[in-house]
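> Sharing a structure below in structure tokens format, with a few things to ask.
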Amino acid sequence: MVQHIVMPSEEEVPPGPRRELLQALHLLYEDAGYPGLRTLAAEINDDKSERLMGRPNREGVAGLLRGSFTTAPVWANLQALVRVLATWSHRRPDPDEEESRFHALWRAAAQPTGTQQEEADAWADDPSLYARELPYQLQGKSLSDRTLTTWHDEQRDDKARRALPAIARHVLWPDHGQGEEQHIFRNAIRLMGLFQEQRKPLLVRIVANAGALSYNHHSWPEALEGAGRTEDAERARELSRRHLPAAICWQYSADRINFINAYASDSSREWRLMRSDPVWQYLVEMTVHRAPDQLVTFLASLPYRSYMDSEAAQARAFHAAVATEYDPVALAELLDHLHENGAHLLASELWNCAARGRRPLAPLLQALRDAGRGWEGTAVLRRTLAITAQGYSQQPTMYDAPPLYQDQPSGQGPDDPPDLLDEFLNAGLVEEADTLAHLRVVALGQRAFPQFGPSRSGNFGYS
């Protein structure tokens, strides 16, 4: 007798719909007399009746009999094997009836099994999968909603299924959806409802996630909530906050700023950095929810070229969002990561933004002191002065920076905040209060005697 493949144990294939399908297949395999794998593969590939949907080779046949599939095998390959085995079975069953019987078993195995299936499909929340290129079979082809469904139904291998996020992004979520959001949202929500009726929760999850990582990410959770999909909305919002690519955040915020400026009647009404502004709130939302190690990658990926180009203001707005709103302890950890990665200028820029706009400032200084980084606390205090010495015309340094926020009350710029000393003393930061008081005295002296201020070369001395 030809050596045959034995039925896998329960440890290899646990009880459930998948095992029931495998048991039925092995009974049919036994009824056919355990034909050899090469014989089976040859019979399938030589069949000219066009009744067989798949053409599995020797390894494909072996994989079907070994249960080498996570939920259910590719139906086309299973159908071909079942019809051949039915033809060779000593019971002489009708191949069409056997095909129908196995299709019902296959559908049961293809259905998710609650928490276990959700855990198995956890890869659907991996943001990197949505940025991948399409499978080579689909590149250059016209794609539609049906492409997503077909790939889901035909590709049962877990590795092949990981192309679904990229397919969903290309099919449903264009790179720029301005003016088309409502149409895009309606179509995506319609598909999610259809997939839910078809018991395809993986596709529901992928469509929602693809929207969360698309250009339309900001309005997508609200659209889901409006459709009664609260749980999907919360997951989409959280995914955007923590993993939305920096390039998409940059483009979206730039478009919002340009939109505001386009409708401003004069330059005084152009967008300014204000805590109450929706654009500012968006920048905060897309940065402060990320862990320090992720935020380093995000800031380094912002697609600006230098601080001197036309995009410098937008770049500083992102930095200010982090510097003024991030958790104090996490901000100190973020600066560690920046220094380790050689981003010393960016670290300095963040301290600059924190000194000018973070209020209260005491929690940050306390976190630095507790971490044994008092020197950075002093660096922050120096930046609160914003020295504006007269008598020299070089480009402003970080000390000469204007107020971070445009909605500060007149006369309360960051160079003379009336409450910082009291704030430090009330927080028990006596050393920091003393340092600030000393730095103010030095700054007043420089203003009174500008000839001792910074020279054009940036060194202190006679102008």
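> Rounded to the nearest 0.05, what FRET efficiency do residue 444 and residue 123 give with R0 = 60 Å and r taken as the Cβ-Cβ distance? Could you check? Show your work: numbers first, answer last.
Working: r = 61 Å, r/R0 = 1.02.
Calculated transfer efficiency: 0.50.
> Sort 73-80, 313-320 by packing, meaning the average of other beta carbons within 10 Å per residue, with the highest value first. Walk me through the intermediate numbers first.
Working: 73-80: 22.4, 313-320: 19.6.
Packing proxy ranking, top to bottom: 73-80, 313-320.
> Using 0.36 nm per residue, how much length does the chain from residue 262 to residue 426 gain when fully extended, once their Cα-Cα distance is taken away?
Values: separation 164, 0.36 × 164 = 59.04 nm, distance 4.58 nm.
Length difference between fully extended and current span is 54.5 nm.
> Roll a 1.4 Å probe over the protein chains and send me the accessible area per residue for the stretch 1-153 in Å². Walk me through the numbers on the way to the answer.
Numbers: 8610 Å² over 153 residues.
Per residue, the stretch 1-153 has 56 Å² of solvent-accessible surface.
> Residues of the stretch 140-164 with the amide nitrogen closer than 19 Å to a label point 7 Å from the Cα of residue 186, along Cα-to-Cβ, please.
145-146
> Also: Under 14 Å from the Cβ of residue 230, count the other residues' Cβ atoms, weight Lys and Arg +1, Asp and Glu -1, and hand me the total. Display every interim value, and only then the final one.
Numbers: positive: 229, 235, 237; negative: 222, 225, 231, 232, 234, 238.
Surrounding charge for residue 230 is -3.
> Pop out the Kirkwood hydrodynamic radius of the stretch 1-54 from its pairwise C-alpha distances, inverse of mean 1/r, in Å to one decimal.
12.9 Å
> Turning to a different aspect of this structure: Using only Cα atoms, what Kirkwood radius does the stretch 39-171 have, in angstroms?
16.6 Å
> What FRET efficiency comes out for residue 10 versus residue 131 if R0 is 45 angstrom and r is the Cβ-Cβ distance? Round to the nearest 0.05.
Details: r = 39 Å, r/R0 = 0.88.
For residue 10 and residue 131, the calculated efficiency is 0.70.
> Sticking with this one: Students often check this: by mean Cβ neighbours within 10 Å, which of 87-95, 234-242, 135-143 ranks highest, and how do the rest follow? Each step should come with its number before you reach the end.
Numbers: 87-95: 13.3, 234-242: 18.4, 135-143: 10.7.
Order by mean packing, descending: 234-242, 87-95, 135-143.
> Further question: With every protein chain left in place, what is the accessible area per residue of the stretch 205-246 in square angstrom, probe 1.4 Å? Display every interim value, and only then the final one.
Numbers: 1480 Å² over 42 residues.
Value for the stretch 205-246: 35 Å² per residue.
> Give me the Debye-computed log₁₀ of I(q)/I(0) at q = 0.22, 0.24 Å⁻¹ for the stretch 196-290, equal point scatterers on Cα only, no solvent, two decimals.
Log-scaled intensity ratios, in q order: -1.10, -1.21.
> Please give the FRET efficiency for residue 87 paired with residue 238, using the beta carbon to beta carbon distance and R0 = 56 Å, rounded to the nearest 0.05. Don't skip to the end; give the middle numbers.
On the way: r = 53 Å, r/R0 = 0.95.
Computed FRET efficiency for residue 87 and residue 238 comes out at 0.60.
> What nm value, rounded to one decimal, do you get for the distance between residue 145 and residue 66 when each label is placed 7 Å out toward the C-beta?
About 4.0 nm, to one decimal.
> While we're looking at this one, here's another question. Mind checking which lysines have their C-alpha under 21 Å from residue 200, skipping anything on the same chain fewer than 8 residues away?
159
> Given 0.36 nm per residue, what is the gain on full extension from residue 294 to residue 196 after removing their alpha carbon distance, in nm? Each step should come with its number before you reach the end.
Values: separation 98, 0.36 × 98 = 35.28 nm, distance 3.32 nm.
So the chain would gain 32.0 nm between residue 294 and residue 196.
> Which semi-axes, in whole Å and largest first, does the equivalent ellipsoid of the stretch 1-111 have when worked out from the alpha carbon gyration tensor as the square roots of 5 times its eigenvalues?
20, 16, 13
> Could you check the simple spin-label distance between residue 42 and residue 251, using points 7 Å along Cα→Cβ, in nm with one decimal?
5.5 nm
> Carbon and sulfur together cover what percent of the accessible area of the stretch 152-249 at a 1.4 Å probe radius?
Taking all protein chains in place, the stretch 152-249 shows 45 percent carbon and sulfur surface.
The values are calculated or read from the model by the stated rules, or taken from the named source; none is laboratory data. Not measured: the values here are computed from a predicted model. Every residue, glycine among them, receives a Cβ derived from its backbone with ideal geometry; neighbour counts consider all protein chains shown. Each accessible area value is taken on the protein alone, full model and side chains, heavy atoms only, with ligands, DNA and RNA left out. Shrake-Rupley method; radii C 1.70, N 1.55, O 1.52, S 1.80 Å.
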